[in-house]
Amino acid sequence: CPVCNEKFQNRSEMRLHKAAAHPGDKPYKCEFCDKSFKKRCSYTIHIRTHTGEKPYICPHCGRGFHDSKCCRSHILTHEGHKPYQCNICGRSFIMRGVLNTHMKQRHFNTDSEKKKERHMCSICGNSFTQKGHLQTHEKIHFGVKAHQCSFCGKSFVEKSAMTRHVRTHTGEKPHKCHICGNAFIQSVQLRKHMVKH
């Protein structure tokens with residue numbers, strides 16, 4: 001068992017134990033940030049966002065992806081295929097889930113939610129309160145990586161991600177623990193460390 005280390009004869013027994021003994025637990029904890037996951041597959045996909053591993057490759061343009069679902073969605077953008085159409089405003093989407101998200105956010109909002117205008121990505125359904133955040137996000141789908149590391153040439157969508165990466169070359173650790181003096185590259189690493197004190 002990944003939660004309590006109890007041993008079992010087979011995987012199905014372990015799953016039954018885990019469901020009964022640890023309901024709601026998220027045993028798969030990311031060592032890079034403070035996120036936890038119930039399922040190993042979700043954890044694996046998340047870890048790839050930190051390591052940069054992209055095992056799923058688009059046959060049209062060669063772009064790599066962290067998970068197969070994103071790759072399939074991206075492939076559809078090459079083919080221009082958007083089979084799911086909103087019957088209220090006529091917008092078309094690649095996946096049914098993205099259409100459902102659009103319907104909830106654009107057409108079935110409560111009054112308080114309407115006050116917050118949402119800008120939704122037509123490829124994956126993520127939504128943002130600011131149009132600039134959506135535009136930055138969309139660069140991920142189209143492979144636009146404008147910020148390049150001067151040490152190794154690796155490129156990044158966001159300048160902040162490039163800045164964090166550069167610190168791995170320079171050794172800069174600007175986030176310092178005021179209790180023990182340990183320093184970290186990212187603020188999330190410091191927050192995780194502070195819990196131990």
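Its relative contact order, with pairs defined as Cα atoms under 8 Å and 6+ residues apart, puts the chain at 9 percent.
A Gaussian network model of the chain, with springs between Cα atoms under 10 Å, assigns the largest mean-square fluctuation among Phe108, Phe32, Phe142 to Phe108. Over the range 56-142, Cα pairs under 8 Å with separation of 6+ residues give a relative contact order of 19 percent. The magnitude of the dipole of the range 1-102, with charges of +1 and -1 set on the Cβ of Lys/Arg and Asp/Glu and taken from the Cα centre, is near 160 debye. Look at the dipole of the chain built from charges on Cβ: of His66, His17, Leu99, the Cα furthest out on the positive end belongs to His17. In the structure shown, the pairs Lys82/Lys104; Lys139/Lys196; Lys35/Lys131; Lys18/Lys173; Lys18/Lys176 are assessed against 30 Å; a Cα-Cα span above that value is assigned to Lys139/Lys196; Lys18/Lys173; Lys18/Lys176. As a calculated quantity, the FRET efficiency between His169 and Glu13 at R0 = 45 Å, using C-beta atoms, amounts to about 0.45.
If only the Cβ of Lys and Arg carry +1 and only the Cβ of Asp and Glu carry -1, the dipole of the chain around its Cα centre is close to 140 debye. If r is the Cβ-Cβ distance from Asp34 to His133 and R0 is 25 Å, what FRET efficiency results, to the nearest 0.05? Efficiency, rounded to the nearest 0.05: 0.70. Within the range 133-197, the GluC sites (Glu not before Pro) that combine a DSSP coil assignment with at most 15 other C-beta atoms in a 10 angstrom radius are Glu158, Glu172.
If you plug the beta carbon distance of Met103 and Ser68 into 1/(1 + (r/R0)^6) with R0 = 22 Å, you get a FRET efficiency near 0.30.
Using a Gaussian network model of the chain with C-alpha springs under 10 Å, which one of Leu16, Leu99, Leu76 is most mobile by mean-square fluctuation? Of Leu16, Leu99, Leu76, the Gaussian network model singles out Leu16 as fluctuating most. Between Cys58, Cys41, Cys70, the GNM of the chain built on Cα springs shorter than 10 angstrom shows Cys41 fluctuating the most.
Every number here is computed from the coordinates shown, using simple stated rules; none is lab data. None of these values were measured; they are calculated from a predicted model. Backbone-built Cβ (ideal geometry, glycine too); neighbour counts: all protein chains shown.
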